[in-house]
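Asks: First the structure, which I've put down as structure tokens, then a few questions once you've had a look.
The values are calculated or read from the model by the stated rules, or taken from the named source; none is laboratory data. Keep in mind it's a predicted model, so treat the numbers as computed, not measured. No Cβ is skipped: glycine too gets one built from the backbone with ideal geometry, and neighbour counts run over all protein chains shown.
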Amino acid sequence: MPDAAASADPSTPEKKSRKMPMWLETIVLLTVAIVLALVIKTLFVQAFYIPSASMKPGLIENDRILVQKVSYWFGGSPERGDVVVFEDPGNWLTGIQPEPTSPLVKGLAKIGLYPSGGHLVKRVIGVEGDTIVCCDDEGRIEVNGVALDEDDFIKPQPRCDGPMPGPACDWTAGPVPDGELFVMGDNRNQSADSSARLCVNDGPACNPADAFVPVDLVVGKVFALVWPLGRATFIGRPDVFDQVDDAS
């Protein structure tokens, strides 16, 4: 019986597996990473940083937070008590200095690999149809006639839980228009939020509609504080808001 090795055709070259060049493999991996980051940022989770002191004590300047978008899919919308990130509805960011960023950091933020700025972070106090009143005899905000005990998550206030720039603790907002929100910071004395735009002292440029934020501008709901690590925690919706019934 002839030897198999001897019968092999010496003129037939051995087939060698081709390996992708290192430079090409690196480009492919980077491309996949960027595409995945864009998909995750667009559909699921995005990182932001806190631009001001308006959400103390829970969130402070330059904290890094994660925002999830799944809760608002398929017709879902922000609920009372949610901490949300939203696009500036019109000059709300005036006076807030964005975090300095290099071109590289800006590029990474665009694709979701670095926390973004240029947005606002507030707590939803009222949804469409709600009426918000400041304040009851104990200085608590009322939503649809229900007083909110917010001591567990807002910064202690000297007079009431719903101040505006100036001494006013006597105002009413709403009913909140369809498709809009009434939002406030947890640091009520230092938050340029919905209450600051209620036109209590009417002026020539005053527009009460500016107090509300269109739901379409909401990026998502804050669910975690991730940096600094020593303060990392999940962020939920306070139970106190469960007491509030929808407007009739």
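Asks: Looking only at segment 67-94, how many residues end up being of a type in the set (A, V, I, L, M, F, W, C) and surrounded by 19 or more Cβ atoms within 10 Å (Cβ to Cβ)?
Replies: 6
Asks: Right, here's the next one. Looking for whichever is modelled with pLDDT under 70 and in a loop (DSSP other than H, G, I, E, B) here; the options are Pro78, Pro2. Which one fits?
Replies: Just a single option satisfies the conditions, and that option is Pro2.
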